[in-house]
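Have a look at the structure below before the remarks.
The values are calculated or read from the model by the stated rules, or taken from the named source; none is laboratory data. The shown structure was predicted, so the numbers you read here are calculated from the model rather than taken from an experiment. Methodologically, a virtual Cβ is constructed for each residue, glycine included, from the backbone with ideal geometry; neighbour enumeration extends over all protein chains shown.
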Amino acid sequence: MTHATKYLARPLALLLSCALAAPAHTMPAEIPQSFHGTYALTTQAGSPPPQDDLGGVVLAPGGILCVADYILTSPELSESIAGEAIWTAPDAGVQVALSNIAGDFSGIDMLNEEGAFLGQLVDTRISDDITCGSAGDVSEIIDAVEEIFELAEAAYPELFPTDEFTAPLRLLDGYIYRHYPDSGTYIGIREGAVYVMGGDFGDHIQNMGATTIVLDPVSYTHLTLPTTPYV
């Protein structure tokens, strides 16, 4: 058993007893259902292009925006532009701004960390599909995913440090994961199980058990996080 795995084998009651300091979202943005779907976005004529080819963008229930390999959540209303919702990806140094949420979809602006304009993407709506790549429809599980990650961060800050910012969710091969560069660790969820790797966990993915065990509000005091060999 690795040093890091011993940390996670502590009683789960300890993990769930940690108080989580919720970030201040004083002006959350609600994305209309009419906006949900998949879009193929292209750079508007005369607009500087974003640094990367973003491909399709998905707007899903619960304020979810999937772009490239990011799953962005918790949009906030812009303090300077009425009717604009903003998602932030701090590790990528960008903000994604959705304009005119009180009206019709009119495009997405890409901004840098300071809010300077990088480029505007205009839409071609492909379909009403709200699946985010290999993870499928994440709208019904995203709250549980974020709760598990936040519990791990609060209980084991040495393994999952968030000193500078909370890293956004990423997507790869069906895993919804978060990377912590300071410790080199990853925590992810795929098909109802929790996985870790990197840093003290080593280079192989470890299955830490089902998400239902981690979040069980009744029996958690009688359980510990299970440990398994590398998979």
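Taking the stated definitions as given, is GLY202 at positive phi and touching a helix residue (DSSP H, G or I) at 6+ places or on another chain (Cβ under 6 Å)?
no
Would you check which residues across the range 140-186 are within 17 Å of THR211 (Cβ to Cβ), of a type in the set (Phe, Trp, Tyr) and part of a strand (DSSP E or B) and list them?
TYR175, TYR177, TYR186
Filter the range 62-100 down to the residues that are charged (D, E, K, R) and in contact with a Ser or Thr (Cβ under 9 Å, 6 or more places away or on another chain) and list them by number.
GLU76, GLU84
Failed condition for ALA40, given (1) assigned to a loop (DSSP other than H, G, I, E, B); (2) modelled with pLDDT under 85; (3) closer than 23 Å to ALA135 by Cβ, with all others met?
Failing condition for ALA40: (1).
If ALA97 satisfies all but one of (1) touching a residue at least 24 places away in the same chain (Cβ under 8 Å); (2) in contact with a strand residue (DSSP E or B) (Cβ under 8 Å, 6 or more places away or on another chain); (3) hydrophobic (A, V, I, L, M, F, W, C), what's the number of the condition it fails?
Tallying (1) touching a residue at least 24 places away in the same chain (Cβ under 8 Å); (2) in contact with a strand residue (DSSP E or B) (Cβ under 8 Å, 6 or more places away or on another chain); (3) hydrophobic (A, V, I, L, M, F, W, C), ALA97 fails exactly one: (1).
Show the residue pairs meeting these rules: Cβ distance below 9 Å; 6+ apart or different chains; first residue within the range 122-150 and closer than 23 Å to ALA40 by Cβ; second residue among the aromatic types (Phe, Trp, Tyr).
Sorted first by the residue in the range 122-150, then by its partner, the pairs are ASP123/TYR39; ASP123/PHE105; THR124/TYR39; ARG125/TYR39; ARG125/PHE105; ILE126/TYR39; SER134/TYR175; ALA135/TYR175.
When the residues of the range 102-132 are filtered to those that are in contact with an Asp or Glu (Cβ under 7 Å, 6 or more places away or on another chain) and either in a loop (DSSP other than H, G, I, E, B) or of a type outside the set (A, V, I, L, M, F, W, C) (or both), which remaining residue is farthest from PHE35 (Cα to Cα)?
Checking each candidate, the answer is GLN120.
If ASP128 meets every condition in (1) touching a His at 6+ places or on another chain (Cβ under 8 Å); (2) surrounded by 15 or more Cβ atoms within 10 Å (Cβ to Cβ) apart from one, which number is that one?
If we test ASP128 against (1) touching a His at 6+ places or on another chain (Cβ under 8 Å); (2) surrounded by 15 or more Cβ atoms within 10 Å (Cβ to Cβ), just (2) comes out false.
Given the conditions (1) of a type in the set (Asp, Glu); (2) more than 25 Å from ALA193 (Cα to Cα); (3) surrounded by fewer than 19 Cβ atoms within 10 Å (Cβ to Cβ), which single one is not true for GLU84?
(3)
From the set of residues in the range 155-174 that are of a type in the set (A, V, I, L, M) and buried (at least 17 other Cβ atoms within 10 Å of the Cβ), which is farthest from CYS132 (Cα to Cα)?
This residue is ALA155.
Just to check your reading of the model, which residue among VAL138, VAL96 is buried (at least 19 other Cβ atoms within 10 Å of the Cβ), assigned by TED's automatic domain parsing to the domain that holds LEU171 and at pLDDT 85 or above? It would help to see each step written out before you state the result.
Working: VAL96 fails: assigned by TED's automatic domain parsing to the domain that holds LEU171.
The conditions single out VAL138.
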